[in-house]
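S.K.: Below is one structure. I have some questions about it.
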Amino acid sequence: MSAASNISTDAQGRELERVSAWLMGSSPVREDDTSDNPIVLALERLEDADFQTALELAASNRARGGESVEHLISDAGERMAAALGRVLSDDARADFIAELGRNIPNLTRTVNDAIKNAYKRSGDSDGKANDAAPYSAEASLEAIKKINAAANSSLDLKETTELTAKAITEVMQVDECSVFMLDEQSNRLVLHSTFGLNPELVDKVSLGIGEGITGVAAELSKPIAVRDAWNDPRFHFIPGLYEEKYRSILVVPIVLYTVNRLLGVLSMHSREYRDFTAHEIEFVETAAGQLAMAIWNARVYEQTDAELRRRVNELTTLERTGQTITSSLDYREVLDAIVHRAAAIIDADKASIFELDEVAQRLFIVAASGLSENYVKLTLAVGEGVMGKVVETRRPIIVPDALGDTRLAVSKELIHQEGYRSMFCVPLVAKGRVLGGISVYTSDIREFRLDELRLVQAFADQAAIAMENSRLYQETRDGFERNGLLLRELHHRVKNNLQTVASLLSMQARHTESSEAADLLNLSAGRIAGMVAVHDLLSGRKLNVTTIVEIVQAIMDMVRSDLSAAGKNISLDVAGDNVEIDSERAMVIGLVVSELIWNAISHAFAERTTGSIRISVERDGDLARVEVTDDGPGLPPGFDMKRDAGLGLDIIRQLVTRDLSGSFDIRSDAGTVATVVFQT
């Protein structure tokens, strides 16, 4: 073994000796001791054989000194209780405390077993029963072990006291044993469990401190044994309890001596007259000490369990509340949801939301529940009144009694009219920015608990985020609406201007004497009219996305009108896939298709008034193919695109290659077929 291992082992051995000596009362715990709490160390080493050996050695030292079994057990119990109290005062986690509660009974049994083994080895009566004393060390230990097993067999307080009463009845060979628990609110001893009295009166009868022999023992905090209870002037008869058959009584207080706290009393009767010996009384005191530890442990577990349930309920409440207040992005709906949940979350009667106007530095009530219209008109400057100070300091404020608090900015008459007495105000802060505050009101004077304060503050944090998100959404939506209105106005003006230009060109074409100039003017007017059609199509949409088929249909509607006016009967058809296209390329496609249609009309049907033009749209992977086919005579023989293309075809080619990054081709095939291919 290495030197380091020896040092570690020696250190662990000294630690075990220190904890064992402390448990057996042969070593005090210094106030300046900064080591870990000894009860935690003892629980960690519970299954360690070296720890059990160290416990027996420490107990043997006390036994050789003449210490009684009962005193040693009581001393160990008090030390464990004191150490556990320090654990709780250290603000330990609830799950850690619950784990302690489950393991304390095992530690108590381990300590008692060590004491038993130590007294056997110490030679006290050689571990045999002593006729002179009804309870030898071993007999006492066996009895206490039985009571301890009963007291610690359950973490349910009712079950713990019932099992203990039954065990004491058997061990003490009495005819009845009952446990009275102290109700700290009423300061009365309530019958909690009984083994021998009327069970129907459990939790229904009680004694005041100082009332009856039981109450006097509790008041004096010391045991009282009476041979003839009925003739004792302190005796208090309770009808229906079935005490008539009993004669002698022993009452022992159940006290947690580490904090000098009375928990209740153990009361036992015998049918025969009996003088309880000092050794018996000491034994019952030890049993009461064991029961005090069990009661305390059960209460800690119940409180811890209740705390965990409360935390779970809080989280559940916050989760549901969060879902409620974030279920809508409408600002008005969010405010209404927040104000109603704020009142319900801690069972308050009224609530209000104050919103901060950052420019005016004033607070306005924007939502309320249970408050009058007159109260809702209330406005406050930042720093004015309770809510003004909450917003100014960003800290919650509790008002226990609104009628007696001078910080309120409203009159007592208005408070009377609204019918509230207590109020609790928290700030609404999101992303470091104060949005306002929430006030909850109760109709009676109320002291808000710490868990309620935490719950409302957590709710306010959620509410502030919901308000901020809703407000941002509202501002964004309003911005979209304003921009949409401006854009529609812009579209309208552009459309009108384009139509005016097209009309002027058409008018000029009708008045010109040159047929060539008229053709050019009409072509230009057609091009602009095509732009108007596409522009009009896009301006009617919320999203600037359309399909190629829709663009072609819009242009064909415009062309049909012009053909009809010109006396031509040319059918125009479009078919194919719904290929979506954005606004920028939509305008280019509109110009290209319009140019191809007018080109076909000008050349294929120059000498004809009837015919057809078909347009097909196909998707091929990520490519779009648009073909414009006419049933005219086709291209002239030997046509070369680079050499023979006119202005119209040249415009088309440049638009396709430059603005669509695509390709353009034109050929004869039972007419003329113009093909445009580009990537979608």
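S.K.: So which of 279, 269 ends up being surrounded by fewer than 24 Cβ atoms within 10 Å (Cβ to Cβ), within 16 Å of residue 191 (Cβ to Cβ) and in contact (Cβ under 8 Å) with a residue 60 or more places away in the chain?
M.R.: Values: 279 fails: within 16 Å of residue 191 (Cβ to Cβ).
The match here is 269.
S.K.: Let me ask something else. Among the listed residues 250, 291, which satisfies the condition of being in contact with a strand residue (DSSP E or B) (Cβ under 6 Å, 6 or more places away or on another chain), crowded, with 16+ Cβ neighbours inside 10 Å and in a helix (DSSP H, G or I)?
M.R.: Numbers: 250 fails: in a helix (DSSP H, G or I).
Only one candidate qualifies: 291.
S.K.: Of the conditions (1) buried (at least 16 other Cβ atoms within 10 Å of the Cβ); (2) of a type in the set (S, T, N, Q); (3) more than 19 Å from residue 175 (Cβ to Cβ), residue 214 fails just one. Which one is it?
M.R.: Tallying (1) buried (at least 16 other Cβ atoms within 10 Å of the Cβ); (2) of a type in the set (S, T, N, Q); (3) more than 19 Å from residue 175 (Cβ to Cβ), residue 214 fails exactly one: (3).
S.K.: Then there's this: Give 592, 617, 626 a once-over and let me know the one that is under 16 Å from residue 680 (Cβ atoms), assigned to a helix (DSSP H, G or I) and touching a residue at least 60 places away in the same chain (Cβ under 8 Å). Step through it out loud before you land on a result.
M.R.: Details: 617 fails: assigned to a helix (DSSP H, G or I); 626 fails: assigned to a helix (DSSP H, G or I).
That would be 592, the only listed residue that is under 16 Å from residue 680 (Cβ atoms), assigned to a helix (DSSP H, G or I) and touching a residue at least 60 places away in the same chain (Cβ under 8 Å).
S.K.: Follow-up. So which residues in the range 185-195 are open to solvent by 10 Å² or more (accessible area, probe 1.4 Å) and in contact with a strand residue (DSSP E or B) (Cβ under 9 Å, 6 or more places away or on another chain)?
M.R.: Scanning the range 185-195 gives 186, 187, 188, 190, 192, 194, 195.
S.K.: Within the range 379-433, track down each residue that is outside any helix (DSSP H, G or I) and of a type in the set (S, T, N, Q). Step through it out loud before you land on a result.
M.R.: First, the residues of the range 379-433 that are outside any helix (DSSP H, G or I): 379-384, 394-401, 405-411, 419-433.
Those that are outside any helix (DSSP H, G or I) and of a type in the set (S, T, N, Q): 379, 406, 411, 422.
S.K.: Among all residue pairs at least 6 apart or on different chains, which show Cβ distances below 8 Å where the first residue, located in the range 405-416, is over 15 Å from residue 371 (Cα atoms) and the second is in a loop (DSSP other than H, G, I, E, B) and open to solvent by 60 Å² or more (accessible area, probe 1.4 Å)?
M.R.: Filtered contacts from the range 405-416: 409/384.
S.K.: Could you check residue 377 against (1) free of Cβ contacts under 8 Å to residues at least 40 places away in the same chain; (2) basic (Lys, Arg); (3) open to solvent by less than 50 Å² (accessible area, probe 1.4 Å) and say which number it fails?
M.R.: (3)
S.K.: Another one. Which is among the small types (Gly, Ala, Ser) and over 20 Å from residue 673 (Cα atoms), of 564, 602, 571?
M.R.: Numbers: 602 fails: over 20 Å from residue 673 (Cα atoms); 571 fails: over 20 Å from residue 673 (Cα atoms).
That would be 564, the only listed residue that is among the small types (Gly, Ala, Ser) and over 20 Å from residue 673 (Cα atoms).
S.K.: I've got another one for you. In the range 430-443, how many residues are open to solvent by 10 Å² or more (accessible area, probe 1.4 Å) and either at positive phi or out of contact with any strand residue (DSSP E or B) (no Cβ under 7 Å at 6 or more places or on another chain) (or both)?
M.R.: 4
The values are calculated or read from the model by the stated rules, or taken from the named source; none is laboratory data. Every value quoted in this text rests on a predicted model; they were computed, and no experiment measured them. Note that each Cβ is placed from the backbone with ideal geometry, even for glycine, and that neighbours are counted across all protein chains shown. Keep in mind that these areas ignore ligands, DNA and RNA; they rest on the heavy atoms of the full protein, side chains included. Shrake-Rupley method; radii C 1.70, N 1.55, O 1.52, S 1.80 Å.
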